[in-house]
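Remarks on the structure that follows.
The values are calculated or read from the model by the stated rules, or taken from the named source; none is laboratory data. Source: prediction; values computed, not measured. A quick note on method: Cβ atoms are made from the backbone with ideal geometry, for glycine too, and the neighbour counts reach across all protein chains shown.
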Amino acid sequence: MSPAPAARRPALAITTGEPAGIGPEIAIRAAWALRGDANCILVGDAAFLAMTAGAIDPAIRLSAVSLQALRYSGLPHFGPDRIAVVDVPLAAHVVPGTLDPANGRAVLDILDAAIEGVRAGWFEAIVTAPLQKSTINDAGVPFSGHTEYLAEKTGTPQVVMMLAGSPGNGQPCLRVALATTHLPLKDVPGAITRDGLAKVLDIIDHDLRTRFGIAAPRILVTGLNPHAGENGYLGREEIDVIEPALLAARARGIDAQGPYPADTLFQPKYLKDADCVLAMYHDQGLPVLKHATFGRGVNITLGLPLVRTSVDHGTALDLAARGLGLADCGSMEEAIRAALQMAVASRTH
Ligand SMILES: NC(=O)c1ccc[n+]([C@@H]2O[C@H](COP(=O)([O-])OP(=O)(O)OC[C@H]3O[C@@H](n4cnc5c(N)ncnc54)[C@H](O)[C@@H]3O)[C@@H](O)[C@H]2O)c1
Ligand SMILES: N[C@H](C(=O)O)[C@H](O)COP(=O)(O)O
């Protein structure tokens, strides 16, 4: 990808996520590595990020700006020799690798500052470093993920989680979207409805066209049950819900085929003719994607009124506890590149 001209380069908010995890480190490393291409603004505790950056590489230069200053005079221009940081203070001292619910609220404050910044026009996209869902719940705030939180905060009734990555070896980009996101497995069948699938398919089709420039998206859809229900002998969701939803989608002009058995769908001979696979639930689709592309994948929330991308991994507390320099920031770099491309594409839609 060639860099966008500096004057038109979108400003991207990079939320730094759970402070005890690898988020702050990979956010700093990726923003610094891509500073010539992307205008990344870190959002997090400025003092903590400055300390972390200094430990990574003393050459990294950060400049802090307060939320109050942004509200008063907008985003100042920083050259590519430094990374701007919007200061959102943490509540408690950070011990790498050790979760502290005292900082749970601040992690959400970071996200809220990024959302405010998009609304105010300071940022054109949000790229999120991983947070620890359990710690936010431990802090007393019911929370199931960025995806659901951003949907709620933007008043969007339906969004779609899609992860994308390049497996390499000349294989095409693999995109896996999910019909359901973070919910217990026992609740999945009841959450898959004809109306819900209709909305999910509409969003995938729309966003692949407008944000990814795919003129006629081809979507392959998995079944829910083993062997896509084996003609109803291993479950009826395919017959009662998924097939009617696909028939209706095709009648609306959406190229959605299936339901196919999930265990054999992810073969090159099928994937080469597909732009996206729609899986029915989190651990049906994501292990395949992460096995093929872990460390280079990007998590994208479709259907939002803003651009949001993220990494394909979590907080990796095990690595954070052992010190800096162990985490791979490849996925964060891909998430920044994807946000940059999507933000530019979104200017015309
Ligand atoms: N975008 C997000 O905010 C996001 C994404 C996924 C998981 N999570 C959250 O992260 C927390 C921990 O999840 P988990 O333990 O299941 O998964 P994890 O991805 O944090 O860790 C799984 C394994 O992958 C390794 N790993 C992860 N990222 C790596 C990197 N950048 N470089 C090298 N190795 C890496 C870890 O060391 C660990 O062995 C959970 O709370 C989960 O919900 C958040
Ligand atoms: N489901 C995501 C994954 O496995 O990578 C991850 O939990 C992040 O979800 P949010 O983007 O909703 O936080």
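Per-structure values
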{"item": "Close pairs from region 323-349: first assigned by TED's automatic domain parsing to the domain that holds A31 and more than 15 Å from A129 (Cβ to Cβ), partner outside any helix (DSSP H, G or I) and of a type in the set (F, W, Y), Cβ under 8 Å, at least 6 apart", "result": "M342/F212; A345/F212"}
{"item": "Residue under evaluation D57, criteria (1) modelled with pLDDT under 95; (2) out of contact with any Leu (no Cβ under 7 Å at 6 or more places or on another chain), criterion not met", "result": "(1)"}
{"item": "Single residue of region 132-165 satisfying the filter (of a type in the set (D, E) and within 13 Å of ligand 1 (Cβ to nearest atom)) that is surrounded by the most Cβ atoms within 10 Å (Cβ to Cβ)", "result": "E148"}
{"item": "Residue within region 238-253 that is in contact with a helix residue (DSSP H, G or I) (Cβ under 6 Å, 6 or more places away or on another chain), in the same structural domain as A179 (by TED's automatic domain parsing) and either at pLDDT below 95 or not in a helix (DSSP H, G or I) (or both) present", "result": "no"}
{"item": "Sole residue being of a type in the set (A, V, I, L, M), within 24 Å of the chain's Cα centre (by Cα) and more than 15 Å from A11 (Cβ to Cβ), chosen from A129, A47, A84", "result": "A129"}
{"item": "Hits in region 334-349 - residues which are farther than 14 Å from N299 by Cβ and of a type outside the set (K, R)", "result": "L340, Q341, A343, V344, A345, S346, T348, H349"}
{"item": "Search result, residues across region 94-105 that are out of contact with any Pro (no Cβ under 6 Å at 6 or more places or on another chain) and more than 15 Å from ligand 1 (Cβ to nearest atom)", "result": "V95, A102, R105"}
{"item": "Test result for G36, closer than 21 Å to G330 by Cβ, in contact (Cβ under 8 Å) with a residue 40 or more places away in the chain, within 16 Å of ligand 2 (Cβ to nearest atom) and in the same structural domain as F123 (by TED's automatic domain parsing)", "result": "no"}
{"item": "Filtered residues of region 39-77 (kept if free of Cβ contacts under 8 Å to residues at least 40 places away in the same chain and among the charged types (D, E, K, R))", "result": "D57, R61"}
{"item": "Extreme residue, surrounded by the fewest Cβ atoms within 10 Å (Cβ to Cβ), among residues of region 201-234 that are free of Cβ contacts under 8 Å to residues at least 24 places away in the same chain and not in a helix (DSSP H, G or I)", "result": "A215"}
